[in-house]
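The values are calculated or read from the model by the stated rules, or taken from the named source; none is laboratory data. It should be emphasised that the depicted structure is a prediction, and the values quoted were computed from it without experimental measurement. Ligands, DNA and RNA are excluded from the accessible area calculation, which covers all protein heavy atoms including side chains. Shrake-Rupley method; radii C 1.70, N 1.55, O 1.52, S 1.80 Å.
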Amino acid sequence: MARPRLTDVLRRPVVVAPMAGGPSKPELVIAAARAGALGFLAAGYKTPAAMAAEIAAVRAATPEPFGVNVFVPGLPGADRKALDERLKSARDNNRFLDKRIADLEVELLDQNGRTETPEMR
């Protein structure tokens, strides 16, 4: 399955924005894609394994482009040990996601539409 070019993605007239906390499930993204919109999965409160499964579900259902909104919720605490554990977890998740991204042939774009590499994150 060929990946759409960025210019094709930007021509979509409607963006179904990611909504953390539940509504942005694969079914919504698939329906949006089939209707000609650009749907987004919300990844902020989900594990890397859960996101890999959701990305795979959307890819299996439609060849249309879609996005994944990734963010880290909350601020790190002042507890150094807790912060170190959180940073280690984030690094482990990034390694897992980098591998999954490569496996799924997902193209990451920065805010200017340029292809992002693991070294940029």
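Just check region 15-61 against the gyration tensor rule for me: Cα atoms, a ≥ b ≥ c as the square roots of the eigenvalues, rounded for a/c under 1.5, and otherwise prolate or oblate depending on whether a/b exceeds b/c. Verdict is oblate for region 15-61. Computed with a 1.4 Å probe on the full set of protein chains, the accessible area for Arg95 sits at about 140 Å².
Put simply, the amide H of Val15, placed in the peptide plane, has neighbours under 5 Å in Leu38, leaving out anything fewer than 5 places away on its chain. Amide H contacts for Val68 (H built 1.01 Å from N in the peptide plane; partners 5 or more residues away or on another chain; cut-off under 5 Å): Leu41. Sorted largest first by accessible area at a 1.4 angstrom probe radius, with every protein chain in place, the residues Glu54, Glu85 fall in the order Glu85, Glu54.
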